[in-house]
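See structure below.
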Amino acid sequence: MSRDFLLPDLGEGLTEAEIVAWLVAPGDTIVIDQAVVEVESAKSIVELPSPYGGVVTSLFGEPGQVIHAGQVLLTVTEAGSAGTPDDVDVPVAAATAAAPSEGSGAVLVGYGTTESTRPPRKVAAGRFGTPRAADAPALPAPTASVPVARAERPAEVAASASTEIDSSSTVDPIRRSPVVSPIVRRLARENGFDASTLAGSGREGLVVRSDVEDHIRDLSAPAAAPAQPTTTTTPGAPSVSDLSADLRIPISGLRKVVSQRLTTSRREIPEATIWLDVDATALFAARDQLLTATGERFSVTALIARFVVAGLLRYPVLNSSVDTASQEILQHGAVNLGIAAQTSRGLMVPVIHGAHTMSTRQLRDALAALVAQSPDGTFAPSALTGGTFTLNNFGSLGVDGSAAIINHPEAAILGIGRMIERPWVVDHELAVRTVVELSMVFDHRVCDGGTAAGFLTYVAGCIENPVSLLADL
C-alpha cells in the first residue's frame, strides 16, 4: 500500500515553500516522524517529518523548486508491500486505500495522513533528476564515485592525490554525519558538496559551520594556483569572464513576501514623512550612568525603544492598523514592537510582543535576543507576526535618514539614523554634540501631522533629556 506525503500548511497563511534539500532518497526506509525534506518558507527554514513509515518510492521536486501546500512531496510504500508498481511512468498513488493503521505524532497542519484521492498522472522518468527506486541504477563503489563527482575539478583531484589532508575534513560519499543547522547545510550545498559527508567535530559527530568552512578552504586552496587559460566550454555558452552577461535572479521565498508586502504598503497607504535632528549627547551620558549604577550595559537602541513604547502609550492611535474591509481604524491595545533587521536571508522584522508590559531591562534583553538571531535570520515563525509598530535602526548601515516604507498593515515606522558628532548650538554658543536624525513615516488615514509630530518630538525630548521620561513612569 502506497501513501502520498503532501506539503502541509506551514501556518501564518503560508501557501508555498522552496525545497532546500532532500534528507532521503528513493529506496530509503524511513520511520514515522523521520525528517525527510528541508524546506524554506517566507518565515523560516524547517525540516518536515514524514507522517508515514516505509520505503521511499519517489520524490516529487528538486532543490530550488517552489512547491505549494497540498502538493505531493514524496510517496511511501509500506515495507514488504507486494503492490509496489514497477512502471516508472506512473507515480504511486493510493486513491482507494484503507485508513492508515498508524498515525504521525507531528503537529503541523495538513499533513495528509489520509490517503490521496488525486487521479494518477503520467510523469516522465527522471523528470526531477531523481529516478524511481525500481529503476535506479546500482550505486557505484565509493572509490569510483569520487572522480566522477569531481570530474570538473581536475586541479583539485590532482592536488588531493599529492597532498595529505586530515581525514576529518574530506568528503566521504557513504558517510552520513548529523547536520542540524540549515545554514551549515546550505553553505555546503552552495559550494558543491553535502555537509553530511563530512566528519563532524561537534558533539556525537555533529557537523558544525567550522567543519564546512575548513573543507571549503581545502577545496579553494588548489584553485588558487595559476590555471591554464584554455578551458572546455559549451559552444555558445557565455564565458566566465564575460561580465556583461545578464543574470536573472528569481523573486522567491522571503524576497517574494517582502516584495508583496512593500508593494501593498505603497499601493494602499498614503504615507507622509517627517524628520528631526536630535542632540543625543545626554542619552550617551545616561547610558554610561546606568552602567556605573547597575553594572549592566544598555544599548542606545534599547533605550530609544523604551522611549518609543512610552510615546505609543501617549499617542495610541499610531499603534494601529486600517481594516480596509470595514473602513475602520483598529487601535491595538498591546504594543508589539517590530525591529527591522538585516539578515543573511534578507530584510526581516522580528517582533517583541507585549513591549508595553516590559521594564527597560526586560526590553533590552528581548532586543538582545533578536539581535543574536539576526545574522542567520533563524527566527521562529511566531516571532515574525503580530507587530503593531516598527523601529528601524538604519544608522547601523551608515546612513543619516530614510523615507522608509511602512510595514503593512501597521500605521507607522520610526527610523534612527547614524549618530555622529556635529556642530550644535547650546546656550547660544557653538559646541560639538552627538546628533541623530529621526525619520517618522505614518499613515495619513490614521492621523494627521500634528499627532505624528507630537509623537516624534516626545521621543526626541526623551533622547535629549532621558530624565524627562520619569514623569510618565
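Every read-out reported here was derived from the displayed coordinates using simple, explicitly stated rules and does not represent laboratory data. Computed from a predicted structure; not experimentally measured. No Cβ is skipped: glycine too gets one built from the backbone with ideal geometry, and neighbour counts run over all protein chains shown.
Distances between placed amide hydrogens fall under 5 Å for VAL446 paired with no residue 5 or more residues away or on another chain. Within the set of other residues whose C-beta is less than 10 Å from the C-beta of THR434, count the net charge using Lys and Arg as +1 and Asp and Glu as -1. Every neighbour counted, the sum reads 0. Estimated from the Cβ-Cβ distance and a Förster radius of 35 angstrom, the FRET efficiency linking SER468 and ILE251 is about 0.15.
Counting every other Cβ atom within 10 Å of each residue's Cβ, SER50, SER344 order from fewest to most as SER344, SER50. The label-point distance for ALA285 and GLN34, in a model that sets each label 7 Å from Cα toward Cβ, rounds to 6.7 nm. Taking all Cα pairs closer than 8 Å and separated by 6 or more residues, the relative contact order of the range 254-472 comes to 29 percent. Using a Förster distance of 51 Å, how high is the FRET efficiency between LEU330 and ASP172, based on the Cβ-Cβ distance and rounded to 0.05? E(calc), rounded to 0.05, equals 0.35. Exposure proxy shown here: for GLU421, GLU464, GLU18, GLU410, the number of other Cβ atoms within 10 Å sets the order, fewest to most, as GLU421, GLU464, GLU18, GLU410. Using a simple spin-label model with pseudo-atoms 7 Å out from Cα toward Cβ, ARG445 and LEU243 lie 4.7 nm apart. Using the Karplus relation 6.51 cos²θ - 1.76 cosθ + 1.60 with θ = phi - 60°, the per-residue 3J(HN,Hα) values for the range 399-406 come to 10, 7, x, 6, 8, 5, 8, 4 Hz, with x marking Gly and Pro. Using R0 = 25 Å, the C-beta based FRET efficiency linking THR343 and ARG297 works out to 0.60. A full extension of the chain between ALA369 and GLN71 corresponds to an added length of 103.7 nm, given 0.36 nm per residue minus the alpha carbon distance.
The residue list GLN362, PRO381, MET419 was ranked by how far each Cα lies along the charge dipole of the range 344-435 toward its positive end, using unit charges on Cβ atoms, and PRO381 comes out on top. Sorted ascending by nearby beta carbons within 10 Å, beginning with the fewest, LEU347, LEU318, LEU247 become LEU247, LEU347, LEU318. Extension gain for the segment ASP214 to SER396, taken as residue separation times 0.36 nm less the Cα-Cα distance, is 62.5 nm to one decimal.
Applied to the range 290-296, the Karplus parametrisation 6.51 cos²θ - 1.76 cosθ + 1.60 on θ = phi - 60° returns per-residue 3J(HN,Hα) values of 4, 5, 5, 6, 10, x, 10 Hz, with x for Gly and Pro.
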